Amino acid sequence: MRRAARAALAIAFLLEGAARADGAADRIARGRAVLEASGGCTCHTDFEGGGEPLAGGRPLATPFGVFYSTNITPDLETGIGRFGDADFLRAMREGRAPDGSAYFPVFPYTSFTGMSDDDLLALKAYLFSLPPVRRANRPPDAWPPFGWRISAAAWQWLHFAPTRFEADPARDATWNRGAYLATAVAHCGECHTPRGPTGALDRSRWLAGSEQGPEGQLAPNLTPDRETGIGDWTHADRVWFLQTGGKPDGDEAQDLMREVIEHGYQHVPAADLDAIAFYLESLAPVRNKLERKR
């Protein structure tokens, strides 16, 4: 009887361990899907400099100077390997480091603040499943006071309040899914919305395009305005672009948009891309004629 009981107990422990392993694998897979829906977090990879994936060091040009992306691999010394769950949630939702200092708003926590606990913790599980890369973070090459952490805290005080995404009960599930993905996870507004003199998003012209997009690139108008936006694109055109980078006129996505499609959006389920397209189609058209800066 004792042998049978011990055997039964051992089997129970094995089954419990297998269930935990399956649960961890599922969470990691979900986290990878979240990463892809975000565009692959390609800003954290210095492709031109030959950097390791997600190890940071990529120069991000802004009107206030150059900021370098951070190492988000699980390296204990130079990455996020010492972040607990609460640290990770605080960073993504509040733009704060574990020591309480403010992150510069080049990190789009102003959008990620809307993400759910489940998605954020799944993303953390995926990032922590990756090989750690030792690469020290680089301070910004920005003019004073824009490169000072105290200025980041002042910017947050002026322009930022952590806000979770809330579904609109007047809209259907597809629209709400698209709104959540576009506004929070994929953080489309961070590139495609004009900014004011202090770098805050001009939400009165939401997704109307920006001449000061990431790395100095022009980010097109995504509203349905027919002259300056994508109002003449069909629903299928929008989905196809997110899947392939191909535009209705035969042109293709360039620069950072091409990267986020290749490393992210092309892997996103078609139903989610449909939802994003429906959300974009629902926006009010905003006329915003953009000129590429030289």
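With Ser116, Ser111 as the choices, which residue is in contact with a Cys (Cβ under 9 Å, 6 or more places away or on another chain), of a type in the set (Ser, Thr, Tyr) and under 30 Å from Leu280 (Cβ atoms)?
Only one candidate qualifies: Ser111.
State whether one or more residues within segment 126-148 are in contact with a strand residue (DSSP E or B) (Cβ under 7 Å, 6 or more places away or on another chain), assigned to a helix (DSSP H, G or I) and at pLDDT 95 or above.
no
Check Leu273, Leu218 and return the single one that is under 27 Å from Phe47 (Cα atoms), buried (at least 20 other Cβ atoms within 10 Å of the Cβ) and not acidic (Asp, Glu).
Numbers: Leu218 fails: buried (at least 20 other Cβ atoms within 10 Å of the Cβ).
One residue alone meets the criteria, Leu273.
Going by what's in this entry, would Arg164 be described as closer than 29 Å to Phe64 by Cα and crowded, with 16+ Cβ neighbours inside 10 Å? Quick ask: steps written out before the conclusion?
Details: closer than 29 Å to Phe64 by Cα: yes; crowded, with 16+ Cβ neighbours inside 10 Å: no.
For Arg164, the condition - closer than 29 Å to Phe64 by Cα and crowded, with 16+ Cβ neighbours inside 10 Å - is not met.
Take segment 76-86 and flag every residue that is farther than 17 Å from Leu54 by Cβ and acidic (Asp, Glu).
Scanning segment 76-86 gives a single hit, Asp85.
Step by step: first the residues of segment 231-241, then only those that are surrounded by fewer than 21 Cβ atoms within 10 Å (Cβ to Cβ) and touching a residue at least 24 places away in the same chain (Cβ under 8 Å), then the one that is nearest to Trp206 (Cα to Cα). Which residue is that?
Selected residue: Gly231.
For segment 251-262, indicate whether the set of residues that are part of a loop (DSSP other than H, G, I, E, B), surrounded by fewer than 17 Cβ atoms within 10 Å (Cβ to Cβ), out of contact with any helix residue (DSSP H, G or I) (no Cβ under 9 Å at 6 or more places or on another chain) and not assigned by TED's automatic domain parsing to the domain that holds Phe64 is non-empty.
Just the residues of segment 251-262 that are part of a loop (DSSP other than H, G, I, E, B), to begin with: 251, 253-254.
Restricting the remaining residues to those that are surrounded by fewer than 17 Cβ atoms within 10 Å (Cβ to Cβ) gives 251, 254.
Filter again for out of contact with any helix residue (DSSP H, G or I) (no Cβ under 9 Å at 6 or more places or on another chain), leaving 251, 254.
Subset that is not assigned by TED's automatic domain parsing to the domain that holds Phe64: 251, 254.
Yes, because at least one residue in segment 251-262 is part of a loop (DSSP other than H, G, I, E, B), surrounded by fewer than 17 Cβ atoms within 10 Å (Cβ to Cβ), out of contact with any helix residue (DSSP H, G or I) (no Cβ under 9 Å at 6 or more places or on another chain) and not assigned by TED's automatic domain parsing to the domain that holds Phe64.
Within segment 242-265, does at least one residue satisfy the condition of being more than 16 Å from the chain's Cα centre (by Cα) and touching a residue at least 60 places away in the same chain (Cβ under 8 Å)?
Kept after step one, since they are more than 16 Å from the chain's Cα centre (by Cα), are these residues of segment 242-265: 243-255.
From what's left, touching a residue at least 60 places away in the same chain (Cβ under 8 Å): none.
Checked segment 242-265: no residue is more than 16 Å from the chain's Cα centre (by Cα) and touching a residue at least 60 places away in the same chain (Cβ under 8 Å).
If Arg27 passes every condition in (1) more than 21 Å from Val133 (Cα to Cα); (2) out of contact with any helix residue (DSSP H, G or I) (no Cβ under 6 Å at 6 or more places or on another chain); (3) part of a helix (DSSP H, G or I) but one, which one does it miss?
Among (1) more than 21 Å from Val133 (Cα to Cα); (2) out of contact with any helix residue (DSSP H, G or I) (no Cβ under 6 Å at 6 or more places or on another chain); (3) part of a helix (DSSP H, G or I), the lone unmet condition for Arg27 is (2).
The values are calculated or read from the model by the stated rules, or taken from the named source; none is laboratory data. For clarity, every value in this text was computed on a predicted model and none was experimentally measured. Methodologically, a virtual Cβ is constructed for each residue, glycine included, from the backbone with ideal geometry; neighbour enumeration extends over all protein chains shown.
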